[in-house]
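Colleague: Okay, handing you the structure first.
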């Protein structure tokens, strides 16, 4: 439970803030209602983002303790205040031409108007997030270093034929289909958003590759007897290179793609932006702690298909986001589809372990 101690502490604090906010706006009934909705939003965020935690863990397990702590500190601040509060405010600000302070005033005084502006820009955000997440899924599917194939020979054949270029081509086709489905007045903005999603994915990968190429080979230096650098800044630079700024950015953009869908879904429950932020913050904190738990416990090594299930869930989420440009898809379906893939992958992993244990 030590991995979740901070999450429980943050939950206690945020629930107290939620209770105070509810009481100050509606007395005791307001307090009870605020606590209930905050709890529901926290659970919803965890259920919608468990696959995000698994994918995060698949990246984070290759990082050192410094970057793992950074992910839980700076990363959670970015996730909570950046992606779940500031990001929606910026979207409404750009859409309306108002300043952030004015948008915040709108969100707290006329939440219905704020919610309408936010949902009116859903198509653009869905195109961005859908394109980015689809590339995450396809590049996992086409990864030539992947030795295990969850879906057997079919996945193996697809893996053999796929390349990064094909992943980009397929995603561009998906964005084009998304544009064709969308309203005429939004075609340009949806297309631009999808292209930006593709560009961000490629850009983050490029930064990661650049850092890896420029990373000093510490092991070779040690074998050759080279003296370790005594300069603290030099050590920090090496740590940053090894930990991967690109990887950190990748996880934050991945979280952004997940988070906005949760924000939109939250408005179906309440239009109180403060309660939404508090509830989603609790969920985001537990998702981060869950990520570190999966890393430290070696869960991805123990349940070998869990990472596969999470990526397939992300693939489905990407298609749902792209389709949501035209069609309304209930949040419960989005959440359950992800959970279903996770559960099936866990079951497949247990079968794999039993089969190999019997052969040993």
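Bear in mind these aren't lab numbers, they're just calculated from the coordinates by the rules spelled out. Just so it is clear, the model here is predicted, and its values are computed rather than measured. All Cβ positions, even for glycine, are placed from backbone atoms using ideal geometry, and neighbour counts span all protein chains on display.
Colleague: Helix 5-60: angle to the longest alpha-carbon principal axis of the chain, degrees 0 to 90, nearest 10?
Modeller: 20
Colleague: Here's another thing I want to ask about it. I need 20, 63 ordered by Cβ neighbour count within 10 Å, fewest first. Don't jump to the answer; show the numbers that get you there.
Modeller: Details: 20 12, 63 20.
With the sparsest Cβ surroundings first, the list reads 20, 63.
Colleague: Separation of segment 42-61 and segment 299-335 by C-alpha centroid, Å?
Modeller: Segment 42-61 and segment 299-335 have Cα centres separated by 11 Å.
Colleague: Mean residue ellipticity at 222 nm from the helices of the chain, using -39,500 (n - 2.57) per DSSP H segment of n ≥ 4 over the full residue count, to the nearest 500 deg cm²/dmol?
Modeller: Working: 16 runs with 289 residues, N = 360.
Helix-only estimate at 222 nm: -27000 deg cm²/dmol.
Colleague: Right, here's the next one. Which ordering of 156, 65 is given by a fewest-first count of other beta-carbon atoms within 10 Å? Could the numbers behind the result be given before it?
Modeller: Values: 156 13, 65 8.
Arranged by neighbour count, lowest to highest, 156, 65 become 65, 156.
Colleague: Let me know the whole percent of all Cα-Cα pairs from segment 2-359 that are separated by more than 24 Å.
Modeller: Details: 38761 of 63903 pairs.
Pairs farther apart than 24 Å: 61 percent.
Colleague: May I ask you to derive the relative contact order of segment 2-359, considering only C-alpha pairs under 8 Å and at least 6 residues apart, and to give it as an integer percent?
Modeller: Reported relative contact order: 34 percent.
Colleague: Which of these, 16, 154, 174, has the largest mean-square fluctuation under a Gaussian network model of the chain (Cα springs below 10 Å)?
Modeller: Per the Cα network of the chain with a 10 Å cutoff, 154 tops the list.
Colleague: Could you put 67, 104 in order, starting from the residue whose Cβ has the fewest other Cβ atoms within 10 Å?
Modeller: 104, 67
Colleague: Restricting everything to alpha-carbon atoms, can you work out Rg to Rh for segment 21-162 with a Kirkwood hydrodynamic radius?
Modeller: Across segment 21-162, the Cα-based Rg/Rh ratio is 1.08.
Colleague: What ranking do 194-201, 2-9 get when scored by the average of other Cβ atoms within 10 Å per residue, highest first?
Modeller: Most protected by this proxy first, the peptides run 194-201, 2-9.
Colleague: Follow-up question, since we're still on this one. Output the peptides 34-45, 292-303, 134-145 sorted from most to least packed, where packing is the average of other Cβ atoms within 10 Å over each peptide's residues.
Modeller: 34-45, 134-145, 292-303
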